[in-house]
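Throughout, read-outs are computed from the coordinates displayed, never taken from laboratory work. Being a predicted model, the structure only gives us computed values, none of them experimental. Ideal geometry is used to build each Cβ from the backbone, glycine not excepted, and the neighbour counts take in all protein chains shown.
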Amino acid sequence: MSTHELGVVVRTDASLAIGTGHVMRCLTLASALREQGAAVLFVCREHDGHLCDLIETRGFSVSRLPSPHLDTQGEHRSTSVVH
């Protein structure tokens, strides 16, 4: 068994339009992974109604992506979050 810590990136969104269920289920999964020693990072868009603050209050790091309507260039942007 390796002594290296497992790193997990969870890509999920919540908004007023799509709801919050996916984020809530991912939080449950992330908590179980953390209990097993994994380092968990969430990557979320800042849509209206996002839950980034809630995720952070649960002790997880969040890499925030801009909501597409906030991107004034009209381009999709790539963000490197895994090193």
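Maximal additional length on extending the A17-E35 stretch stands at 3.3 nm, based on 0.36 nm per residue less the C-alpha distance.
A simple packing score, the average count of other Cβ atoms within 10 Å per residue, orders the peptides 32-38, 55-61 as 55-61, 32-38, with the highest score first. Scaled to the globular estimate 2.2 N^0.38 Å, the Cα spread of the range 7-70, given as radius of gyration, is 1.06.
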